Amino acid sequence: AAAVSALTHLPEPPTAVLACSDVLALGALDVLRADGGWGRGVSVTGFDDIAEATPAGLTTIRQPGEAKGRSAATLLLDPPVDAAAGQILLPTTLVVRSSSGPVPRS
């Protein structure tokens, strides 16, 4: 909430907020919706697709939670010798909901 509120003091506020988790994105969305002024037209996106994202209309990146946990445990229990070999790519899905729009405000 503090970070989003601070954006109101910028000469040109952003047209989008990309949060590193749905929990943070939901907080940003609450602040923007409560403001009613500059918050209109600001897209908000998070990561994880938690249960609360659907009713809130939050656009998010769905990540495979179980696969992330399994991969993390494997890396912790059997770390690779080469750091580059420890990079794991997992599939993600963009879930578009009402918190984002196709056209930024002008």
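The values are calculated or read from the model by the stated rules, or taken from the named source; none is laboratory data. Keep in mind that what you see is a predicted model, and the values were worked out from it rather than measured. All Cβ positions, glycine included, derive from the backbone under ideal geometry; neighbour counts span all protein chains shown. Please note that ligands, DNA and RNA were not included when accessible areas were found on the heavy atoms of the full protein model with its side chains. Shrake-Rupley method; radii C 1.70, N 1.55, O 1.52, S 1.80 Å.
What to note about this one:
- Test for T59: is it surrounded by 13 or more Cβ atoms within 10 Å (Cβ to Cβ), hydroxyl-bearing (S, T, Y) and in contact (Cβ under 8 Å) with a residue 40 or more places away in the chain: yes
- Within segment 57-102, tally of residues that are under 30 Å from P14 (Cα atoms), in contact with a helix residue (DSSP H, G or I) (Cβ under 6 Å, 6 or more places away or on another chain) and not in a loop (DSSP other than H, G, I, E, B): 1
- Residue ID - most open to solvent (accessible area, probe 1.4 Å), chosen from residues in segment 1-25 that are in contact with a strand residue (DSSP E or B) (Cβ under 7 Å, 6 or more places away or on another chain) and among the hydrophobic types (A, V, I, L, M, F, W, C): L18
- On inspection, G86 fails the criterion of being open to solvent by less than 80 Å² (accessible area, probe 1.4 Å), under 23 Å from L29 (Cα atoms) and at pLDDT below 90.
- Taking the numbered list (1) surrounded by 14 or more Cβ atoms within 10 Å (Cβ to Cβ); (2) closer than 24 Å to L94 by Cα in turn, A51 passes all entries but (1).
- Of the residues making up segment 28-37, one or more are acidic (D, E) and more than 20 Å from P102 (Cα to Cα).
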